[in-house]
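These notes are about the structure you will find just below.
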Amino acid sequence: MNNPKFHLNEVIKDAIGNIFFKASSKQYIMKVINLDKKTEKSLSLKWAMRQTNLSGKEAAFVNNLADFLKENPEAKIIVHPFYYAEKEKEYIQFFEAKKKYLLARSKNRGSAMTEKDSLSIDKMNPKDPAFVKYLDNYARDTMLFTIQDKCNRLVNTVAVNRKFNQLVKTRE
């Protein structure tokens with residue numbers, strides 16, 4: 001305020017200008033961001049963890065892409081696979097460990113799993129207290145701290161790798 005080059009009217013003009021111009025440009029920026037997100041979604045296909053088949057929307061996307069490529073032979077597509085092998089193996093390992101837990105909890109049932117059982121296993125939280133207690137009792141090692149380590153002790157790594165390789169072949 002003591003600066004002789006400081007003028008309060010400049011500050012007031014800037015404040016009023018920000019109110020009108022930035023408010024209108026914010027809507028435009030948000031519209032552009034939403035449009036970019038929609039465009040990115042329409043140009044990409046993502047596989048979910050352990051997914052082997054395309055959903056209806058994904059199949060329609062692939063069909064539209066095939067039609068476009070037939071109509072435009074000069075057009076090219078670039079495929080960038082993102083490998084999440086370790087993460088998918090971890091999901092498979094969790095599923096198998098939770099499956100063993102479910103089978104151990106209900107000893108009177110046979111080994112046949114239903115689709116309903118698979119869905120309940122999928123939905124079960126790996127940090128479920130009863131499941132963690134089961135893992136602790138099985139592992140009996142105080143140096144295993146993570147659920148992944150405990151599941152690794154319970155589930156054979158060879159079986160996880162076999163299921164992962166089967167998943168990859170099914171996708172191909």
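Nothing in this text is a laboratory measurement; each read-out follows from the coordinates by a stated rule. Since the model is a prediction, treat every value here as computed from it, not as a measurement. Note: ideal-geometry Cβ built from the backbone for every residue, glycine included; neighbour counts use all protein chains shown.
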query: Tell me, what HN-Hα J-couplings in whole Hz come from the Karplus equation 6.51 cos²θ - 1.76 cosθ + 1.60 at θ = phi - 60° for each residue of the stretch 136-150, using x for Gly and Pro?
result: 4, 5, 6, 5, 6, 9, 6, 8, 8, 9, 8, 5, 4, 4, 5
Added length on full extension, which subtracts the Cα-Cα distance from 0.36 nm per residue, R140 to R171: 7.4 nm
statement: So for R0 = 30 Å, FRET eff. of A60-Y83 from the Cβ-Cβ r, to 0.05, ends up at 0.75
Simple label model, 7 Å out from Cα along Cβ direction - D117 to A104, nm: 1.6 nm
- request: Compute the length gained on full extension between K13 and E71: take 0.36 nm times their separation in residues and subtract their Cα-Cα distance, giving the result in nm to one decimal.
  value: 15.3 nm
query: When N counts the residues of the stretch 85-171, how does its alpha-carbon radius of gyration compare numerically with 2.2 N^0.38 Å, as a ratio?
result: 1.09
field: Amide H partners (placed H, <5 Å) of Q51, local residues excluded
entry: none
